[in-house]
Structure formats: C-alpha cells, structure tokens
Amino acid sequence: MAFRKAVKGTALIGGGAIATVFGLSQFSQYRNKHGALVQVQAAEAAPVKKDHLPTREQQILALQTSGEFDVLVIGGGATGCGCALDAATRGLKTALLERDDFSSGTSSRSTKLIHGGVRYLQKAIMKLDFEQYRMVKEALEERAHLLQSAPHLSAPLPIMLPIYKWWQLPYYWAGIKLYDLVAGSHCLKSSYVLTKSRALELFPMLRKDKLVGAIVYYDGTWPLWGFGARVVLVLGLKHRCEAGDPRVCGVRCRDVITGKEFDVRAKCVINATGPFTDSVRKMDDQEVPNICQPSAGVHIVMPGYYSPDNMGLLDPATSDGRVIFFLPWEKMTIAGTTDSPTDVTSHPIPTEEDINFILSEVRNYLGADVEVRRGDVLAAWSGIRPLVTNPNSKDTQSISRNHVVNISDSGLITIAGGKWTTYRAMARDTIDAAIQEHNLKADSCRTMGLQLEGAEDWSPTLYIRLVQDYGLESEVAQHLASTYGDKAFEVAKIAQVTGKRWPIVGKRLVSEFPYIEAEVVYGVKEYARTAVDMISRRTRLAFLNVQAAEEALPRIVDIMGKELNWCEQKKKEELEIAKKFLYYEMGYKVKTDQLTDRSEISLVPSDIERYKKRFRMFDKDKKGFITILDVQRVLESISVQIAENTLHEILNEVDLNKNGQVELDEFLQLMSAIQKGHVSGSRLAVLMKSAEENLRRREAIPVDRSGGGL
C-alpha cells in the first residue's frame, strides 16, 4: 500500500549499522517538500541501499542480533509509528514493536477526519482554557502538514453546519470564523454562509422545515489506511541498575507467529500503546496510578445516498450534548461518534444502543422523505479513545485533551492522549524528551515537510495513465491512485488479466468495490500476514460493508495462502478468525440480531396472506419450509442460474436456527423486519419477489379471456 516499510533501502544485517525502524509498516522513505531523498543514517555508518524490502524473518533476526538500539518504541499505532519515524530520521538506531497488526487498534477506528477540533475551540473560549486553545492551534498546523505530506490520501472537505434558529446564525458564524482565524496561514479555505435554498441544493437530504440557512467550513479527511504484519508481543521490561537505581534498558518479547521469545536491548524505551498505556507503565512500576481513562467511540457506515459526495455535516449539539459528524467516505456515509466509559480491550464491540443513538441523531437532520433505516447500517465498529489525566499536573483528576509526555524514575518514556491529527507533533515532543533524558546524540526533528512515499509524482490525473497503460477500470484506477499514489503502477503491474474485452486487467474481490486481487498479493509483499489485516486495513471492506467483506474472504485467504504457503488447516483458521472479527467487532452480530431480538411478526393480515402466497410458490410440497432445491427449481423455471454456494449464503442470512432451511415463520419475520426498516438489502426477499413477478408474467392467458380457441 501507500505506506511502505521504512526498512526499504537499508542494510538490516551485516557490517553496516541499521538506520531504520524495524517493524514500521506504515511509513517509508519519506521525502522533503523539495523532493530530495531524505538520507537517514545511523551513528556508525550509512545504510546500504537495496531494491527490495527485507523479509519479516530478516527483521526479526536483526532485532535479536543488532546490539543495543538507541530507541525502542512499544506500540504500532499512529503515535508509535510517528515516534519511530521521528527517531529514525534524526539518525537514531530505532526499533518498533507491535503485538498485533499495525494500526489495528484505535488508529484505524477513528472518524477519518484531520481536524483541529471545533468543539475544543468552543470550550477553550467558554472556559478560558488556554491548554485547549493551544491544542486546537497546534492541530490546525498539523492538519496543514498532513494534507501536504500525503496529497494522494488526503483532501480538504467542506462540512455543513445547518442552522434552525435565527439567533444561532451569528453565534456559530462567529465561532467558525474564529476557527479560521486561529488557523491563520494554515486555513484550508475560508468558511461561508449559505441561504436555505443554497444549503438544500448542496445537501438535498437535509430537513427543510424551520431551516434558516447553513455555515460551511473546511477540515481535512483521509482514509487512514493501516499496514503491517504481526511482529512481537512485549512480555515485560528489562532493567539494569545505575548508581543503585533501576533503569529500563530493553524488553522481553515474543514473536507472535513463531512463539520464540527473545530480548531487545535499548538505551531508551518509549511507551506509545494508547489505551494500554497503564499496562506497560505497570511493567515498570506496579504501584504507579492509572492515568488512562478509556472512552468508547462507535461509528456506523451507511449507503452513500445518505449524504452528498463532497459535503459533510456537523451536529454541534446532540441530545446528550455531544458532537456527531456525518461524512462522505469511500463513496459511503460514515456517522459518529459516541463517547462513553469502557474497559480496555483489544476487541471493542459496537453496541445496539450506540448504533441507535447515532441513527436517531441522523434522523433529526435529514428530511422526512429520507427514511433512516436500521437495516441500512452496513458496518459498525467501536474504537477506544485513550483520554488521560496528566500525572505531571497538581490536579491529577482532570482529563487532559492535549497529549502528555511522562518520564518515570527508571527512564521509561510514556506518550499518551492527544489525537490522530497531531501524531507528528506528539512524536516530536516524545523524541525530544528521550534525547534529553537519555543523553542521546541526535539531530533536531526532520519530519515537518516530509512526504509519504507515493506523494512525490502523484497528480490528480495519474489514474488516467493507469487506465491507458494497463486497461484498468476508471473506478479501480482512481482507487489505486488515491491509495498508493505514484506506487499504484507497482500494483497495476501484477494485476491479473480478466479475459474480458474491458477491463483488460484487475479482477475485483467483490463487484461493488474497487479493490482488486493484485492488492492482496501486494499486501503480502508489504508484510500482511492475516486475513483480518487484509479485509480491514489493506482494504477497507470490513469498515465499509461486513457482508461484502465476508463474501471476499474465501478468495483473499486463497491468495494469501498461495503467497505464504499456508496449509489447508491454516487457511481454515484464518477464515474463521476473520469471520469472528466481522461478527463481533465490525457489527455483523448486531446486524443479524435484527432478525432475532427485534423480529416479532407485526404484519397486517393482508400482508401475511400475500407473503404466505409468495412462500408457497417455492414450497410446492407444502412442507412449511424451503431449501436450496426449492429455490433452484423455481429459478430454473424462469431460466435464472445462481451458483449453489451463493444460494447457500443467501438462505443462511435468513436461516435463524441454522438447520439448512428457511421456515415460513422465519420468512415472515424477515418481511416484518424489512417493513420496519430493521433489515434492508435482503437477497432472499428480493430474489423471491422477482421470481414471483416473473412467474406471473409467464402464466398462460385463460381461454375465456383470449377470445376462445381450438
């Protein structure tokens, strides 16, 4: 993907010193804004360049045999990767450890916004809170940097704030204009006021009654792709005594794939583990008080027709005083987030209560002609926001919205709090603290102005070359260009021939999304090792549509199995783990629960009779249930062919007791749930209705109505 291993072009083992970030799979070969290659050198010698990425096995070996590192970062999310990048570009010998796939935690479960924080600015003014003001100002500066460093991944996004009371217009206008003013030279575009008619023209789904007008301001958005293989699980910290005091000098860890345990030595260890901040701090000192106050934020994804293609919506004051965004994302619509206390877990699960809260808030802003249906929730997920209290502050009970850098008595450096947008500044402050605390010899921060790989030769029209040179579909080409930047050609080169007149190359994983099989192969080359990583971060299928992700899983596992030499048992395990991930963490369970927990039959008698008649067209033997054979028989009578495995999937969506057949009550439950909006897009319901209409058209005209006959 667009984020490449920072180890590319660097000697990993041998005579030269290592000048890289081991395990860093989100960033690579950054370039400064003038386009010159940033030369990252170790203290001892310059790295030897290579044309290929080292293998994962080479990286693990280098972790064990490369001696003492200057900096070792625990945690491969946005902040941890930012710290590792910052350290490496300063010439420090750096290692990065992550127990799961990189960016698999909070970093990949955000609102997909690059923003300063309108609500934080409001609080800063109302409460005269200089800390929050400073955080907003820094975030707006970092927003501009992110948009510059990855133009292929990010873009400014206009966000509409609808106004329904006249007095709110000057109030919100003043606040948004102040947001522009605080951004200063980093302001993306100036905010502006819209009349009611113009607001409805740009956002036709809006609720019309009592609408006064709207204010539009700009923030940034990006897809937040995350990449990386599972590397190591940190089991504990290593200490040594200096002048009678214990000092952290490395970690004991385990390769999660092979199970092998080993030590990694380092002059400085950085804890960048987000919600797991306190668990690592307690490895250093069991008595240290907790500083992390985890908060769960749930997001949902709905079809793209719920919002315009290029306009977001901000609900500045929900029924419980929170803020909710309603944004176009990957041709879908994302809505969120909630904010509720939670326990720290590696596998947060979205709740039906949170999903319905978001839906109810969305209904408040959309017109009566737009039916907001529970069944239109295509995916849902929960992320844990690692809010922290500042241990350096006298008031340790107050939550800090800014990031906190804390240094323990033993030298463990913890970076916590903050937000996605400010990850670079957080990393800068952390490495500055590390250099000072551990007397490291390093240059000043070099990350401002550096570009992500793929950005240098990217242009908005790059996708046209992909279409012309390789014969890719335009939609696929646009996706590749906006994901990989100028590295999209590397994916196109390995794309398979379709055998069709058009497109010439690029077999899709699922028909409605532009992800192609070549991306799976490319992902493996960039250290993807799990099917979950492939469906959720290398592609975003799991976050866009859980059913589409499940449909693509078998082919993804087959491709990965071929590339990684998986046995049949390993392929089966990966398939089951990925299905479990979709079921619990991506909202598939709460989606299917709509046919069980809330699916009492509440149909009027005429509807019940109509649906029974439709059911009996398939249940010719009056068994009280239908099977695949019944469906196949009807389809054959109308000359329609559907693969048997696809029919299995279609019936399984409705087969609540999983006995291989759909009973009449199950079918009536389905139709009732569809009428109430709890379920939408049921393939069985559409198939049976279509077959019924087709059969009716094929019925013979009675003789008495045809004018007689022989």
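Mind ranking 179, 583 by accessible surface for me, highest first, 1.4 Å probe?
Ranking 179, 583 by accessible area, largest first, yields 583, 179.
Taking the Cα atoms only, what angle lies between the long axis of helix 56-65 and the longest principal axis of the chain, rounded to 10 degrees?
Compared with the principal axis, the helix lies near 20 degrees.
Using Cα-Cα distances under 8 Å and only pairs 6 or more residues apart, what relative contact order does the range 507-599 have, in percent?
Across the range 507-599, relative contact order equals 27 percent.
At a 1.4 Å probe radius, carbon and sulfur cover how many percent of the accessible area of the chain?
Here carbon and sulfur together make up 51 percent of the probe-accessible area.
What is the chain's relative contact order, in percent, from Cα pairs under 8 angstrom and six or more apart in sequence?
That works out to 14 percent.
For the charge dipole of the chain, defined by +1 on Lys and Arg C-beta atoms and -1 on Asp and Glu C-beta atoms about the Cα centroid, which residue among 318, 450, 381 has the Cα displaced farthest towards the positive pole?
With unit charges placed on the Cβ atoms, the residue in question is 450.
Between residue 129 and residue 256, what is 0.36 nm times their sequence separation minus the Cα-Cα distance? Round to one decimal in nm.
Gain on stretching residue 129 to residue 256: 41.3 nm.
Once the principal axes of the Cα atoms of the range 610-682 are found, what is the range along each, listed largest first in whole angstroms?
If we take the Cα atoms of the range 610-682, the spans are 32, 24, 23 Å.
Which whole number in µm²/s is D for the range 461-593 by Stokes-Einstein, with the Kirkwood Rh taken over Cα pairs at 20 °C and 1.002 mPa s?
For the chosen part, D equals 141 µm²/s.
At 1.4 Å probe size, with every protein chain present, just tell me what the per residue accessible area of the range 450-572 comes to in Å².
Here the residues of the range 450-572 average 39 Å² of exposed surface.
What fraction, in whole percent, of alpha-carbon pairs in the range 410-474 exceed 20 Å separation?
Result: 55 percent of Cα pairs exceed 20 Å.
Per residue, how many Å² of accessible area does the range 288-353 show with a 1.4 Å probe?
39 Å²
Let me spell out the model: positive unit charges on the Cβ of Lys and Arg, negative unit charges on the Cβ of Asp and Glu, origin at the Cα centre of the chain. What dipole size does that give, in debye rounded to 20?
Charge dipole of the chain: 1000 debye, to the nearest 20.
Output the peptides 282-292, 513-523, 156-166, 642-652 sorted from most to least packed, where packing is the average of other Cβ atoms within 10 Å over each peptide's residues.
Result, highest mean Cβ count within 10 Å first: 513-523, 156-166, 282-292, 642-652.
Which of the residue pairs 507/689; 123/419; 493/525 have a Cα-Cα distance greater than 19 Å in the structure shown?
507/689
To the nearest 20 debye, what is the magnitude of the charge dipole of the range 401-529 about its Cα centre, counting +1 on the Cβ of each Lys and Arg and -1 on the Cβ of each Asp and Glu?
The dipole of the range 401-529 has a size of about 260 debye.
What ranking, highest mean first, results for peptides 484-491, 82-89, 453-460 when packing means the other Cβ atoms within 10 Å averaged over each residue?
82-89, 484-491, 453-460
Test of understanding: what is the full-extension gain from residue 279 to residue 665, defined as 0.36 nm times their sequence separation minus their Cα-Cα distance?
134.0 nm
Using θ = phi - 60° and the Karplus curve 6.51 cos²θ - 1.76 cosθ + 1.60, what whole-Hz ³J(HN,Hα) does each residue of the range 345-360 get, with Gly and Pro shown as x?
Result, ordered by residue: 8, 7, 10, x, 10, x, 9, 4, 4, 5, 4, 5, 4, 4, 4, 5 Hz.
Residue 189: which lysines have alpha carbons under 18 Å from its alpha carbon, excluding same-chain residues fewer than 8 sequence positions away?
Within reach: 137, 177.
Using θ = phi - 60° and the Karplus form 6.51 cos²θ - 1.76 cosθ + 1.60, what ³J(HN,Hα) does each residue of the range 318-327 get, whole Hz, x for Gly and Pro?
6, 4, 10, x, 9, 10, 10, 9, 9, 10
Could you tally the net charge around residue 563, taking each other residue with its Cβ under 14 Å from the Cβ of residue 563, Lys/Arg +1 and Asp/Glu -1?
So the surrounding residues net to +2.
Only Cα pairs under 8 Å and at least 6 apart count here; give the relative contact order of the range 598-698 as a rounded whole percent.
The normalised contact order for the range 598-698 reaches 36 percent.
For a Förster distance of 22 Å, can you work out the FRET efficiency between the beta-carbons of residue 210 and residue 190, rounded to the nearest 0.05?
The value I calculate is 0.20.
Using a Förster radius of 56 Å, what is the FRET efficiency between residue 638 and residue 444 based on their Cβ-Cβ separation? Nearest 0.05, please.
For R0 = 56 Å, the calculated efficiency reads 0.20.
Give the Rg/Rh ratio for the chain, taking Rg as the radius of gyration of the Cα atoms and Rh as the Kirkwood radius, to two decimals.
Dividing the radius of gyration by the Kirkwood radius yields 1.00.
Let me spell out the model: positive unit charges on the Cβ of Lys and Arg, negative unit charges on the Cβ of Asp and Glu, origin at the Cα centre of the range 632-676. What dipole size does that give, in debye rounded to 20?
I would put it at about 100 debye.
If R0 is 35 Å, what FRET efficiency do you get for residue 622 and residue 555 from their C-beta distance, rounded to 0.05?
0.35
What accessible area per residue, rounded to a whole number of Å², is obtained for the range 598-698 using a probe radius of 1.4 Å?
For the range 598-698, the solvent-accessible area averages 54 Å² per residue.
The values are calculated or read from the model by the stated rules, or taken from the named source; none is laboratory data. A quick note: this is a predicted structure, and the numbers were derived from the prediction, not measured. Quick reminder, even Gly has a Cβ in these numbers, built from the backbone with ideal geometry, and neighbours come from all protein chains shown. Keep in mind that these areas ignore ligands, DNA and RNA; they rest on the heavy atoms of the full protein, side chains included. Shrake-Rupley method; radii C 1.70, N 1.55, O 1.52, S 1.80 Å.
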